Amino acid sequence: DGQPEGLEEGELLSWQLEGLRVVCLDRDAQPDAASLAELAGEPVGLVSGVVPALELSSAGVGHDLLEVTLFPPSPDGGDAPPERLDQLPDDADTVLVPYVEEIVPAVDTDAGLVLIDPPAGLLELVQPKRRRRVTIRGLLPAAGETHAPPES
């Protein structure tokens, strides 16, 4: 299989998750389904990134988050959802999904699927959009120093 060396069973690297299709658990599916695809219900979106817990807190609390770019609503319900991130509109909504077993019960990188069982309201917590990315082109002053603009 495509498991990188040095990883334990069930461990994944963030790049293995990016681009995977996220689907909700079909609560009417048989619990003894033979494949993850048989448990898949409503398509949600594509994994567009992973936010490691250490980026959120250096104290080691919290969990990694999956950034999921949501599929835009189809006006007639007949269009197939996009297969790749570059096929989604630039202004598509994103949500953050905690990467915990209760919410993400299964991942199948070979099938390209992430199965989620989100609590009520999670997929409505859309992340704010930025007009443009912030780029820092210089170093910040050391802690305690101030930087005043030059007087004109």
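None of the figures in this text is laboratory data; all of them are computed from the coordinates on show. Every value quoted in this text rests on a predicted model; they were computed, and no experiment measured them. Cβ atoms come from the backbone with ideal geometry, glycine included; neighbour counts cover every protein chain shown.
A few points about this structure:
- Cα→Cβ-extended label distance, 7 Å offset, between residue 42 and residue 9, nm: 3.4
- Rounded to whole Hz, the Karplus (6.51, -1.76, 1.60) HN-Hα couplings of segment 42-58, x for glycine and proline: 5, x, 10, x, 10, 5, 10, x, 10, 9, x, 4, 5, 6, 8, 7, 7
- Residue separation of residue 110 and residue 83 scaled by 0.36 nm, minus their Cα-Cα distance, works out to 8.2 nm of gained length.
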